[in-house]
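Single-structure report; data block below.
The values are calculated or read from the model by the stated rules, or taken from the named source; none is laboratory data. Everything quoted here is computed from the prediction, not taken from an experiment. Cβ sites come from the backbone with ideal geometry, for glycine too, and all protein chains shown count toward neighbours. With ligands, DNA and RNA removed, areas are computed over all heavy atoms of the protein, side chains included. Shrake-Rupley method; radii C 1.70, N 1.55, O 1.52, S 1.80 Å.
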Amino acid sequence: MTEELKNKLLYKAKNAYDTASAEEINAFACGYKNFMDSSKTEREAVAFAKKAAEEKGFKPFDRTVTLKAGDKVYYVNRDKSIVLAVIGSEAVENGANIVVAHVDSPRLDLKQRPLYEDGGLAYFKTHYYGGIKKYQWTAMPLALHGTVIKADGEKINISLGDSADEAAFYISDLMPHIAKDQIDKPLGSAISGEGLNIIVGSVPCNEESNPIKLAVLQALYEKYGITEKDFITAELSAVPADNARDIGFDRGMIAAYGHDDRICAYPSMCALFEDDMPKRTCICIFADKEEIGSYGVTGMSSAAYKNFLLDICVLSGANFSAFCENSVCLSADVGGAYDACYGDAYDAKNSAYVNKGVVVTKYTGARGKSGSSDASAELVAKITGVLDREGVAWQTGEYGKVDQGGAGTVATEIALLNIDVIDVGVPILSMHSPYELASKADIFAMYKAAKAFFTL
């Protein structure tokens, strides 16, 4: 058999470093790390995107103003999700190219009455958000991010613990010397959800009852003007305190909190900003609540996104049903990269690999494809075809062995609108851990993939 025939018959994924220069990849990574350090909650990610969009000429969406080709608009939903749209030169009725990523990540949310004192320390009680391995959140510095709405309506934004000169927070773990019972437990139950209590104070004030709790409240009042009652109306979360870091002697990877799924959001936004007059209308959505099922008014199951698309059609004189039928969407969410240290959990022949570019995932779900929209052959061909045409490194992949588990994305919510949708994202290691790991080359490949997709 000739070498030419072998090359024609066999499939081999490209290496992402063969499709872009190291200079391009590293330059893009710098901007991405800045985004990550500034966006540890969905509110912060949305604020970042809004500011960046306004600098690119985007205007707030106005339901009373007719849209025309070249218009750039944004819509912010309750400060926790954002939609960016560029109206194309073609009729809106011909459909749009839509990228949806989510900007919420697993974390520890404070309960509504979190503060208590016990054993000479003050603690915050938490309720974890999203799928986590609870033991990973102990014995590490944590930062506090969020928003407090005071009784008089004043909004207080809190971000404390990220800088080296700021106090951080901490969840203790049991010393190994006396941890026999804990060690004998299954990994998933060694740390309980109710045990994820954050140490927030240790110095007492001059009071007989709850002197440390009162000292913490005094400090909060002096710094932010908030009282214990204000926690009831607060939205506060504990997240890892450290910022994004290069990993490896070659600095080829980035460890950061919240790669899932801001690692797809930022490149998609950057790609949208590239073309002031696309052929087809191009839309980028940063959604909330994906990690807990996409429910709520800011999750993709909300009517907010359908209403926005409907408004776009009304203001452009387009038929909404035709618009949906002719649209195509990337559910831009991360995939699991093959990890040789835990190879037994993967099907190595059908896994995504680091440095092989974006992963095109035909179906997600778990055990029998439950919870998946399962993209059609026609759609897979269309998406991989444009990636090939534009020289984007891509690969196929799935989360792991068939009976091992699985995951879902927002693809199912998009499909409910009769919009063709497929999952395309960056493969990462240590998904849902406090510090996830990803290749810089794959992040840049996501930018190139989104840019190619917007040319469909």
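Numbers for the structure displayed
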quantity: For the chain, share of DSSP beta bridges that run antiparallel, in % to the nearest 5; calculated: 70
quantity: Neighbour net charge for S301 - beta-carbon separation under 12 angstrom, K R +1, D E -1; calculated: -1
quantity: Relative contact order, percent, the chain [alpha-carbon distance under 8 Å, six or more residues apart]; calculated: 23
quantity: P(r) of the range 1-133 over all Cα-Cα pairs, binned every 10 Å from zero, in whole percent; calculated: 9, 21, 24, 22, 15, 7, 2, 0
quantity: Sites T227 and S192 - FRET efficiency at Förster radius 51 Å, r taken between beta-carbons, to 0.05; calculated: 0.95
quantity: Cross-link partners of K125 among lysines (Cα-Cα below 18 Å; sequence separation of 8 or more within a chain); calculated: K111, K133, K134, K213, K229
quantity: Ordering of 180-192, 332-344 by packing [mean C-beta count within 10 Å, highest first]; calculated: 332-344, 180-192
quantity: Positive minus negative residues near A375 (Lys, Arg vs Asp, Glu; Cβ under 10 Å); calculated: -2
quantity: Per-selection Kirkwood Rh - the range 1-72 (Cα, Å, 1 d.p.); calculated: 16.9
quantity: Local electrostatic count, D311, Cβ distance below 11 Å [Lys/Arg +1, Asp/Glu -1]; calculated: +1
quantity: Accessible area of the chain divided out per residue, in Å², using a probe of 1.4 angstrom; calculated: 46
quantity: Accessible area of R43 in the full protein assembly, 1.4 Å probe (Å², nearest 10); calculated: 60
quantity: Cross-link pairs beyond the 23 Å C-alpha cut-off, checked among K59/K279; K59/K150; K51/K155; K14/K72; K185/K401; calculated: K59/K150; K14/K72; K185/K401
quantity: Rounded percent of accessible protein surface that carbon and sulfur make up, the range 45-122, 1.4 Å probe; calculated: 46
quantity: FRET E, pair S376, R63, Förster distance 25 Å, beta-carbon r, rounded to 0.05; calculated: 0.15
quantity: Base-10 log of normalised Debye intensity for the chain (one unit scatterer per alpha-carbon) at q = 0.10 Å⁻¹; calculated: -0.76
quantity: Loop chymotrypsin sites (Phe, Trp or Tyr not before Pro), the range 92-163, which have at most 11 other Cβ atoms in a 10 Å radius of their Cβ (DSSP); calculated: none
quantity: Entries of K6/K440; K289/K382; K40/K349; K12/K362; K68/K440 with Cα pairs more than 27 Å apart; calculated: K6/K440; K289/K382; K40/K349; K68/K440
quantity: Mean shadow area of the range 122-189 over all directions, Cα convex hull, nm²; calculated: 7.0
quantity: D (Stokes-Einstein, µm²/s), Kirkwood Cα radius, the range 297-406, 0.692 mPa s at 37 °C; calculated: 201
quantity: Accessible carbon and sulfur surface of the range 154-312 relative to its total accessible area, %, 1.4 Å; calculated: 53
quantity: Most to least accessible of M36, M175 (protein chains only, probe 1.4 Å); calculated: M175, M36
quantity: Three-way shape label, the range 369-456, alpha-carbon gyration tensor, a/c 1.5; calculated: oblate
quantity: Taking all pairs of distinct alpha-carbon atoms in the range 103-250, Kirkwood radius in angstrom; calculated: 16.7
